[in-house]
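Working notes, beginning with the structure itself.
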Amino acid sequence: MSEKTYKIGQLAELTGLTQRTIRYYDELGLLKTSSRTQGGQRIYSDSDLLYIKRIMELKALSFSLEEIKAIILLGGDDESGEKRRAVLLENYRRKKEEAEKRKNAIENEIGELDWHIMQLERAGNSFKDCPGPLCADCAFKENCSFTES
């Protein structure tokens, strides 16, 4: 069974990408398009569609186009796919670690915002007096940079 073919507009519609983005991916060597119409238009295949979907998936996971290209270029001498699998595993683990660091930073920021919200809610009309009488029983006083020493 032969692969279905697509013109760039059809491929853009199927993927939600712009034609310009598809051309850019092609220029970077991320697609293996070699067929053209007699008029010079690129003809894309089901394989190209699959590559674009993989590129979109990797981009959604914060992979750069350079990282994606390096993975795709491994395919030339990776019949079994083992090299690409190993590189992807390594990259996924690194991306996960980076995401966990961002998550921890966000959780710390949320904690800081909670502290500020609680301080402002508790201060009420005495906001101008902070630090002041509220400090003695403040649940966050060890984190407060306004606490009197």
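Just so you know, all these numbers are worked out from the coordinates, no wet-lab data involved. These numbers come from a predicted model, not from an experiment. Positions of Cβ are backbone-derived with ideal geometry, glycine not excepted, and every protein chain shown enters the neighbour counts.
Phi-derived couplings, Karplus 6.51 cos²θ - 1.76 cosθ + 1.60 at θ = phi - 60°, listed residue by residue for region 15-32: 9, x, 8, 7, 4, 4, 5, 4, 4, 4, 4, 5, 4, 6, x, 7, 10, 9 Hz, with x used for Gly and Pro.
Give me the orientation-averaged projected area of the Cα convex hull of region 1-48, in nm², one decimal. Answer in nm², one decimal: 3.4.
Exceedance of the 19 Å cut-off in Cα-Cα distance is limited, within the set LYS32/LYS53; LYS59/LYS95; LYS4/LYS69, to LYS4/LYS69. Residues whose amide H lies under 5 Å from that of ILE43, counting only those 5 or more places away or on a different chain, are SER35, ARG36, THR37; hydrogens are built 1.01 Å from N in the peptide plane.
For region 1-63, the dipole from Cβ point charges (+1 on Lys and Arg, -1 on Asp and Glu) about the Cα centre works out to 100 debye, to the nearest 20. Mean sequence separation of contacting Cα pairs (under 8 Å, at least six apart), scaled by the length of region 1-63, corresponds to a relative contact order of 37 percent.
Projected label points at GLN41 and ALA60, each 7 Å from Cα along the beta carbon direction, are separated by 2.9 nanometres.
A simple rule links phi to the HN-Hα coupling: the Karplus curve 6.51 cos²θ - 1.76 cosθ + 1.60 with θ = phi - 60°, which for region 56-70 gives 4, 5, 5, 5, 5, 9, 6, 6, 7, 5, 5, 5, 5, 4, 4 Hz, with x for Gly and Pro.
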